[in-house]
Structures are given as structure tokens and as C-alpha cells.
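Working notes for the structure below.
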Amino acid sequence: QFVGLDNFIRLFQDSLFWKYCWNTIYLMAAIPISMAGSLMLALALNQKLKGVVFFRTVYFLPTICSGVAIYMLWRLLYNSDFGLFNLTIAKAGEIFHIPLKGPNWLTDEDWAKPALIIMNVWGTVGGYNMILYLAALQGVPQDLYEAAAIDGASSWQKFWNITWPQISPATFFIATMSVIGGFQAGFDPAFIMTGGGPNGSTTTIIYYLFNNAFQWHQMGYAAAIAWVLFLIIFLFTVMKWKVFGKAVYYY
């Protein structure tokens, strides 16, 4: 049944949609933390150390593991009664003679989103972003470091004046793709670990789209959400390129 623009009008008046937009943006707080961690890992693993290939493999393992298995594992870790995190907190309280009790990670509105952020950082910090940073670091000309060493530059000065500008294209690419992925993420962990709860606190735009399309069979409304999500991602990408594209150092 043709309804014109009614689905879009309904969407912009839907308070739940804006709530889930905020949830999506909140969960994207994992992106800068993960990027910083990936860069630090890449810097460490770019050194000529014994067994460095083994450590590169270990850090990359979460990326190739089954997402469902990882989410099930973390749901057990977050269990408020027998989860490893809360047992560790309680044990620390016993050692220091302080009554400590861990939070209800996945059933408390205040803790559900931070819990998913922690899990996302763990799962992505050693993944493809680390590989991209590692490749970018290996492409930095070594004669720049040699010249800086002759001039007496410190390690921080070498990083800030040589490494960071040289890897800026990789940083720009990683940041852009991570945010695009962030707008489309959140379905799998929410579906498996929280069901979108508690009280919709972990429901993202893509999970709301799924519910409308395949749970409530409102395909027209789900299509409207998909189009708005596309426009958000498109406008963000264009804006990011206009604002930050010229700051990237191309060599």
C-alpha cells in the first residue's frame, strides 16, 4: 500500500529512533579507544623483537574467531552471579577487607553500554586496524629517523614529527571506515547478549531496523530507517573528507 512520505514523517517523530541513534553514537566511543590501542600495539609489534610474529598472531586471533562464540563467552564473563569479572571484584574486596560487589553488567541500564564498549575494544584493538597501522609504519622511510637522531630528537619528537604525519593517510582511512562501520554495528552483540535491553539501552539503529523488518513485519518503515541511515553515513563521510581530508599528509 503506497503511503507516500508517511514512513519518513513517522520516523522523524519517533522518539525511539532518536534514542537508538544516541545508543549507536554512544557505543562508537569504542572507536577512538580502539584506534589508540591499535596504534600502540602496532608500534610495539613493529620492533625487531624475538617472537614478534607469535604476538602478532595472538592479538589478531579475536578477529578471526566466531563472533557468536565470543559474544557467548563475554556474556558468561559478565554474569552478575558467577561471571569472572564480578568474582574477581569480590575476591579483591576480600583481600583488602572491603565489601565490593560487581555491577549487573548486562541488566543495568547504566552499565550495559559500557560493557559492550569494553568488549568491542578487546575484540578490535588487535584486528585489522592494527594490521593497517603496522603496514603504514613499515612504509615510513628510515632515513627520516636517522636524520632526526643526528639532530638529537627524542622518541616523542620522532613520533610526533615523523611517524604521526607519515601514517596520517592510514589514520584517516581507519577513522572513516570505523565510523561507517560503527553506524551499521551493534546488532550481533545486542541480539545475542542483551536482546536490545535493558529498556532498549543497547538497541542500535541497525537492530531497530531488523526488528521493524523481520520481527514486526513493517517493511516500509524499516526501508525508511535504512534510507535515513544511508544519508547519515553519506553526509558524515563527505563532511569528514571536506574537514579533515586536507590535513592528511600524502607522500
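The values are calculated or read from the model by the stated rules, or taken from the named source; none is laboratory data. Here the structure is a predicted model, which is why all the values come from computation and not from measurement. Note that we place each Cβ from the backbone using ideal geometry, even for glycine, and neighbour counts take in every protein chain shown. Areas reflect the complete protein model, heavy atoms only, side chains present, ligands, DNA and RNA absent. Shrake-Rupley method; radii C 1.70, N 1.55, O 1.52, S 1.80 Å.
Would you say Tyr145 is without any contact (Cβ under 8 Å) to a residue 24 or more places away in the chain and either aromatic (Phe, Trp, Tyr) or not in a helix (DSSP H, G or I) (or both)?
Values: without any contact (Cβ under 8 Å) to a residue 24 or more places away in the chain: yes; either aromatic (Phe, Trp, Tyr) or not in a helix (DSSP H, G or I) (or both): yes.
Yes, satisfied.
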*Would you check which residues across segment 20-30 are open to solvent by 70 Å² or more (accessible area, probe 1.4 Å) and not β-branched (Val, Ile, Thr) and list them?*
Trp22, Tyr26
*Kindly indicate whether any position in segment 161-169 is more than 24 Å from the chain's Cα centre (by Cα), surrounded by fewer than 16 Cβ atoms within 10 Å (Cβ to Cβ), polar (S, T, N, Q) and within 25 Å of Gly123 (Cα to Cα).*
no
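When residues of segment 166-212 are filtered for being outside any helix (DSSP H, G or I) and either of a type in the set (S, T, N, Q) or closer than 13 Å to Ala112 by Cα (or both), how many remain?
Applying the first criterion (outside any helix (DSSP H, G or I)) to segment 166-212 yields 167, 185-186, 195-204.
Keeping just the survivors that are either of a type in the set (S, T, N, Q) or closer than 13 Å to Ala112 by Cα (or both) gives 186, 195-204.
Residues flagged as outside any helix (DSSP H, G or I) and either of a type in the set (S, T, N, Q) or closer than 13 Å to Ala112 by Cα (or both) within segment 166-212 amount to 11.
Please state which one of Pro103, Pro99 is more than 21 Å from the chain's Cα centre (by Cα) and open to solvent by less than 70 Å² (accessible area, probe 1.4 Å).
Details: Pro99 fails: open to solvent by less than 70 Å² (accessible area, probe 1.4 Å).
On inspection, the qualifying residue turns out to be Pro103.
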*Under 6 Å by Cβ, and 6 or more places apart or on different chains, what pairs join a residue from segment 216-233 that is in contact (Cβ under 8 Å) with a residue 60 or more places away in the chain with one that is hydrophobic (A, V, I, L, M, F, W, C) and open to solvent by 10 Å² or more (accessible area, probe 1.4 Å)?*
Ala224/Phe8; Ile225/Leu209
*Among the numbered criteria (1) in contact with a Lys or Arg (Cβ under 7 Å, 6 or more places away or on another chain); (2) over 19 Å from Ile70 (Cα atoms); (3) surrounded by 16 or more Cβ atoms within 10 Å (Cβ to Cβ), which single criterion is violated by Tyr145?*
(3)
*Those helices (runs of 4 or more DSSP H) lying entirely in segment 1-114 with at least 1 residues over 30 Å from Trp227 (Cα atoms) and of a type in the set (Asp, Glu)*: 84-95
*asked:* Quick test of your reading of the structure: Gln138 fulfils all but one of (1) exposed (fewer than 12 other Cβ atoms within 10 Å of the Cβ); (2) over 30 Å from Ile64 (Cα atoms); (3) not small (Gly, Ala, Ser). Name the failing condition by number.
replied: (2)
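In segment 192-251, how many residues are polar (S, T, N, Q) and loosely packed, with under 14 Cβ neighbours inside 10 Å?
Taking segment 192-251 first, the residues polar (S, T, N, Q) are 194, 199, 201-204, 211-212, 215, 218, 237.
Now drop any that are not loosely packed, with under 14 Cβ neighbours inside 10 Å, which leaves 199, 215.
Of the residues in segment 192-251, 2 are polar (S, T, N, Q) and loosely packed, with under 14 Cβ neighbours inside 10 Å.
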*Checking Gly181 against (1) more than 22 Å from Val68 (Cα to Cα); (2) exposed (fewer than 15 other Cβ atoms within 10 Å of the Cβ), which single condition isn't satisfied?*
(1)
*How many residues does segment 43-79 contain that are open to solvent by less than 70 Å² (accessible area, probe 1.4 Å) and under 22 Å from Ile167 (Cα atoms)?*
7
